[in-house]
1. For the range 299-311, check the following and say yes or no: at least one residue is over 18 Å from residue 172 (Cβ atoms), outside any loop (DSSP other than H, G, I, E, B) and modelled with pLDDT of 95 or more.
2. Is it the case that residue 267 is over 27 Å from residue 179 (Cα atoms), in a loop (DSSP other than H, G, I, E, B) and either at pLDDT below 95 or in contact with a strand residue (DSSP E or B) (Cβ under 7 Å, 6 or more places away or on another chain) (or both)?
3. Please determine, by comparing only the residues of the range 178-200 that are in contact with a strand residue (DSSP E or B) (Cβ under 7 Å, 6 or more places away or on another chain) and part of a loop (DSSP other than H, G, I, E, B), which one is surrounded by the most Cβ atoms within 10 Å (Cβ to Cβ).
4. Given the conditions (1) touching a strand residue (DSSP E or B) at 6+ places or on another chain (Cβ under 8 Å); (2) touching a residue at least 60 places away in the same chain (Cβ under 8 Å); (3) over 29 Å from residue 211 (Cβ atoms), which single one is not true for residue 352?
5. What tally of residues in the range 81-116 results from selecting those that are over 20 Å from the mean Cα position of the chain (by Cα) and either closer than 25 Å to residue 351 by Cα or buried (at least 21 other Cβ atoms within 10 Å of the Cβ) (or both)?
6. Can you find, within the range 153-177, the residue that is surrounded by the most Cβ atoms within 10 Å (Cβ to Cβ) among those that are in a strand (DSSP E or B) and more than 17 Å from the chain's Cα centre (by Cα)?
7. Could you identify the single residue in 260, 277 that is at positive phi and either modelled with pLDDT under 95 or in contact with a strand residue (DSSP E or B) (Cβ under 8 Å, 6 or more places away or on another chain) (or both)?
8. Read through the list (1) buried (at least 24 other Cβ atoms within 10 Å of the Cβ); (2) outside any loop (DSSP other than H, G, I, E, B); (3) over 18 Å from the mean Cα position of the chain (by Cα), then give the number of the only condition that residue 149 fails.
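The values are calculated or read from the model by the stated rules, or taken from the named source; none is laboratory data. None of the values given here were measured: they were computed from a predicted structure. In this analysis, Cβ positions are derived from the backbone assuming ideal geometry, glycine residues included, and neighbour counts consider all displayed protein chains.
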């Protein structure tokens with residue numbers, strides 16, 4: 001999940017102003033609420049310009065003690081246990097670090113040395129792999145090993161408004177304020193499908209369920225899942241980006257709110273994805289192959305570029321990559337010199353000057369880290 005450039009939509013402008021206020025706000029005049037990209041007026045990929053690395057805090061709370069943070073999102077409003085701009089994290093592992101047995105959802109204020117706030121701890125969140133923050137303050141959690149999509153209130157209450165629908169170990173989730181009305185997009189790790197859950201305007205209640213994509217490769221067990229993930233929605237062009245871990249590629253689904261039942265069928269041949277079906281023209285591979293290596297997470301920059309995180313690397317690095325929808329991979333950045341495969345969950349925020357802050361979960365340290373120009 002990410003907040004958008006104020007110049008790319010009115011709802012995005014409101015969201016960006018909210019996060020700026022949460023991170024320190026506009027001190028003297030309203031102009032600073034408007035994002036200036038790239039940093040300091042210079043050109044080039046943003047990964048080449050963010051020089052400050054800050055550990056926000058541990059994602060392991062004292063009670064639930066969950067490890068292996070996967071899902072990451074940014075709270076859109078203050079309510080319950082959450083404040084606007086808080087970083088929302090779900091843990092995939094339990095205190096014993098057993099893969100797929102985590103049950104905790106925590107929040108951290110986006111400043112250095114923040115302490116985790118336990119929002120929820122329940123078997124209903126078993127193996128939580130992704131979260132989406134909704135405009136009303138609620139959180140949607142993809143509980144992959146509970147095989148459910150859960151709605152968590154800002155106070156930690158869990159409800160199941162989507163239980164009428166059949167999932168196949170939901171792996172990724174994102175919220176879309178789409179032209180055809182709000183929706184959730186969900187990927188499934190055992191069938192390789194993408195679902196759209198249409199929502200009623202002004203609420204989180206579902207009004208319909210459509211399986212829009214089939215055929216992505218999906219395999220593995222907790223700790224080694226290869227499946228479509230990193231769902232990221234660009235509301236300015238109604239495009240959903242999907243990270244295909246198996247083929248080391250990024251797929252763009254344009255006009256996604258209009259894709260119907262089984263509108264796109266993916267055929268995987270080796271390391272290549274091809275597309276058929278009534279909406280095949282909506283699907284396009286925008287980047288594939290090295291340096292993408294086991295990509296699993298993504299977030300959207302105000303420029304429209306993606307920040308993508310690798311989880312596999314033969315050189316033992318933990319790369320973030322900046323990917324342009326039209327030019328492919330523009331830049332890479334190693335953000336952890338420890339064991340490879342540590343980067344899960346990415347979200348984009350802003351500092352007090354309107355410059356982007358890349359937040360990411362680091363599983364080597366069980367923490368959220370910020371990459372920025374001026375500090376978070």
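1. No: the range 299-311 contains no residue that is over 18 Å from residue 172 (Cβ atoms), outside any loop (DSSP other than H, G, I, E, B) and modelled with pLDDT of 95 or more.
2. Taking the combined requirement at face value, the residue does not satisfy it.
3. First, the residues of the range 178-200 that are in contact with a strand residue (DSSP E or B) (Cβ under 7 Å, 6 or more places away or on another chain): 181-189, 192-200.
Filter once more, keeping what is part of a loop (DSSP other than H, G, I, E, B): 189, 192-193, 200.
Details: 189: 29, 192: 23, 193: 22, 200: 12.
Among residues in the range 178-200 that are in contact with a strand residue (DSSP E or B) (Cβ under 7 Å, 6 or more places away or on another chain) and part of a loop (DSSP other than H, G, I, E, B), the one surrounded by the most Cβ atoms within 10 Å (Cβ to Cβ) is 189.
4. The number of the failed condition is (1).
5. So the count comes out to 5.
6. From the range 153-177, those in a strand (DSSP E or B) are 158-159, 170-177; that's our starting set.
Add one more test, that the residue is more than 17 Å from the chain's Cα centre (by Cα), and what stays is 158-159.
Numbers: 158: 18, 159: 13.
Looking at the filtered set, the residue picked out is 158.
7. The unique qualifying residue is 277.
8. (3)
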